[in-house]
1. If we only count helices (runs of 4 or more DSSP H) wholly inside segment 264-341, which ones have 3 or more residues that are modelled with pLDDT of 95 or more and among the acidic types (Asp, Glu)?
2. Would you list the strands (runs of 3 or more DSSP E) that sit entirely within segment 353-422 and hold 1 or more residues that are out of contact with any Leu (no Cβ under 8 Å at 6 or more places or on another chain) and without any contact (Cβ under 8 Å) to a residue 60 or more places away in the chain?
3. For the condition of a type outside the set (Lys, Arg) and within 30 Å of PHE80 (Cα to Cα), what is the one hit in HIS183, HIS216, HIS262?
4. Tell me, please, whether a residue that is touching an Asp or Glu at 6+ places or on another chain (Cβ under 8 Å), over 30 Å from GLN365 (Cα atoms), among the aliphatic types (A, V, I, L, M) and in contact (Cβ under 8 Å) with a residue 12 or more places away in the chain can be found in segment 2-15.
5. Can you tell me which residue within segment 75-111, out of those that are small (Gly, Ala, Ser) and more than 13 Å from ligand 2 (Cβ to nearest atom), is farthest from LYS153 (Cα to Cα)?
6. Is it true that some residue in segment 73-81 is at pLDDT 95 or above, out of contact with any strand residue (DSSP E or B) (no Cβ under 8 Å at 6 or more places or on another chain) and not basic (Lys, Arg)?
7. Within segment 239-255, which residues are away from ligand 1 (no atom under 16 Å from the Cβ) and farther than 14 Å from ALA213 by Cβ?
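The values are calculated or read from the model by the stated rules, or taken from the named source; none is laboratory data. All of these numbers come straight from a predicted model, not from anything done at the bench. Note: ideal-geometry Cβ built from the backbone for every residue, glycine included; neighbour counts use all protein chains shown.
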Amino acid sequence: MDPWRLHAPLLSPVSPTELRWHPSGAVAVGADGRMLYAGDAAALPEQLLALPARETSDVVLPGFVDLHTHLPQYDARGKFGMTLLEWLEHFIFPEEARFADDAVARDVSTRFFRGMLEAGTTTAMVFSSVHRSATHIAFEEAERSKLRVILGKVQMDRDVPAALLETADASIRDTEILIDAWHRKTERLWVAVTPRFAPTCSMDLMRRSAALAHRHGTYVQTHLNESEAEIRMVRALFPDAGSYTAVYRDAGLLGERTVLAHNIHASDEELDLCAQHRCAVAHCPDSNLFLGSGRFPLQRTLDRGIRAGLGSDVGAGTTLSMFGVMRSMCWVQARSLHPFLPLYFATRGGAEALSMDGDIGSLEQGKQADMVAVRVDRHFHRGRDLAHLKPLEIASALVYRSQPGDVREVWVGGESLYRAET
Ligand code: GUN
Ligand code: ZN
């Protein structure tokens with residue numbers, strides 16, 4: 001790729017309470033897709049002024065990171081009116097069984113990654129179905145999309161419909177085949193070992209999954225403490241463990257490369273365990289509102305320094321758009337949230353949760369030029385100069401008012417992969 005530069009208003013999160021706002025900003029992208037510069041245009045180093053330039057009045061942010069979502073549930077969003085366990089049984093397991101058919105897997109995978117890109121998400125951590133072939137196809141489509149994707153075949157060796165049931169032996173074998181084929185096949189692909197959650201996994205499967213992840217240096221993803229009925233079930237299945245989180249600890253699944261989805265109903269001891277093992281949490285507020293799962297312990301998670309980001313959790317989440325998910329993050333807390341916080345969770349927080357913050361998550365020299373341009377002209381009086389906007393005003397517009405259709409262009413590694421027609 002030829003180096004180039006972009007002149008645009010830039011917004012880049014620094015921490016849960018701080019962001020950088022450059023109303024007259026510039027990014028320069030090198031041949032390797034990393035940023036040679038990101039900041040005020042006026043301070044652009046002279047040697048970069050020779051690069052071919054583009055200009056936009058859209059606000060440019062780091063590409064969104066979706067820390068938890070389910071590809072085979074893309075067409076099952078918004079299946080109404082139940083809590084987690086009934087919803088899985090009635091809608092989700094039958095939907096995932098369709099992925100035994102490669103044609104279904106191809107169709108949904110193609111549309112899913114296209115939807116992700118159009119939403120402005122440039123990195124995603126994704127559950128596939130139980131099927132090795134469907135997961136292989138999902139990886140092919142992930143590669144074709146050029147997004148950064150961490151993906152895993154779901155594992156479950158008990159208490160699911162026969163069509164989805166696998167043995168622990170088959171689960172480990174198929175997962176290892178996928179690791180050999182796809183983990184780090186390109187710079188943008190990773191495998192996550194993916195035991196679905198303790199109710200559908202034997203301790204034997206979870207232990208062997210943890211060992212597999214450790215041996216190959218993959219990620220681990222699973223669900224934790226999402227609903228009260230689920231927690232009661234885990235208590236009955238593992239009466240000696242002490243807590244749901246302790247089940248995963250005993251299996252060896254907790255670690256720096258582990259992302260735990262939800263973790264709503266966590267005791268202090270469980271949050272301490274997460275902090276101690278340095279695992280990350282994917283907060284999925286849109287899903288939590290849809291299933292009525294409960295309110296994420298935001299402050300208790302932050303207080304312990306637990307890394308956290310946002311997940312769309314499609315199909316319990318109704319949208320791949322992180323605008324919707326950020327807004328749900330505010331609503332689920334039932335109090336007004338400072339908009340810097342959801343913006344941070346949707347970008348840099350997610351990158352930190354994946355230990356990828358050296359490469360993505362903010363607009364900074366040296367990081368990958370993963371960017372999304374968002375139109376904001378509809379939010380302000382015509383002709384109003386963005387330079388007069390305070391960071392809080394622009395962040396508020398993005399979090400509380402932006403729509404999926406406001407995404408105007410998306411770049412990964414400096415390459416434009418999507419441009420809206422209007
Ligand atoms: N827990 C186990 N599987 C799932 C799933 O597919 N969606 C959600 N929201 N929670 C789960
Ligand atoms: Zn989930």
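1. 268-276
2. 415-419
3. Exactly one of HIS183, HIS216, HIS262 is of a type outside the set (Lys, Arg) and within 30 Å of PHE80 (Cα to Cα), namely HIS262.
4. Of the residues in segment 2-15, the ones touching an Asp or Glu at 6+ places or on another chain (Cβ under 8 Å) are 6-9, 12.
Narrowing further to those that are over 30 Å from GLN365 (Cα atoms): none.
Looking for residues that are touching an Asp or Glu at 6+ places or on another chain (Cβ under 8 Å), over 30 Å from GLN365 (Cα atoms), among the aliphatic types (A, V, I, L, M) and in contact (Cβ under 8 Å) with a residue 12 or more places away in the chain, one finds none in segment 2-15, hence no.
5. Taking segment 75-111 first, the residues small (Gly, Ala, Ser) are 76, 78, 81, 97, 100, 103, 105, 109.
From the residues that got through so far, the ones that are more than 13 Å from ligand 2 (Cβ to nearest atom) too are 78, 81, 97, 100, 103, 105, 109.
On the way: GLY78: 23, GLY81: 27, ALA97: 13, ALA100: 13, ALA103: 17, ALA105: 13, SER109: 13 Å.
If we take residues in segment 75-111 being small (Gly, Ala, Ser) and more than 13 Å from ligand 2 (Cβ to nearest atom), then GLY81 is farthest from LYS153 (Cα to Cα).
6. Yes - at least one qualifying residue is present in segment 73-81.
7. PRO239, ASP240, ALA241, GLY242, SER243, ALA246, ARG249, ASP250
Condition check ((1) more than 16 Å from ligand 2 (Cβ to nearest atom); (2) touching a Phe, Trp or Tyr at 6+ places or on another chain (Cβ under 9 Å)) across all residues:
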site: ALA28; (1), (2): yes, yes
site: ALA41; (1), (2): yes, no
site: PRO45; (1), (2): yes, yes
site: LEU48; (1), (2): yes, yes
site: ARG54; (1), (2): yes, yes
site: HIS68; (1), (2): no, yes
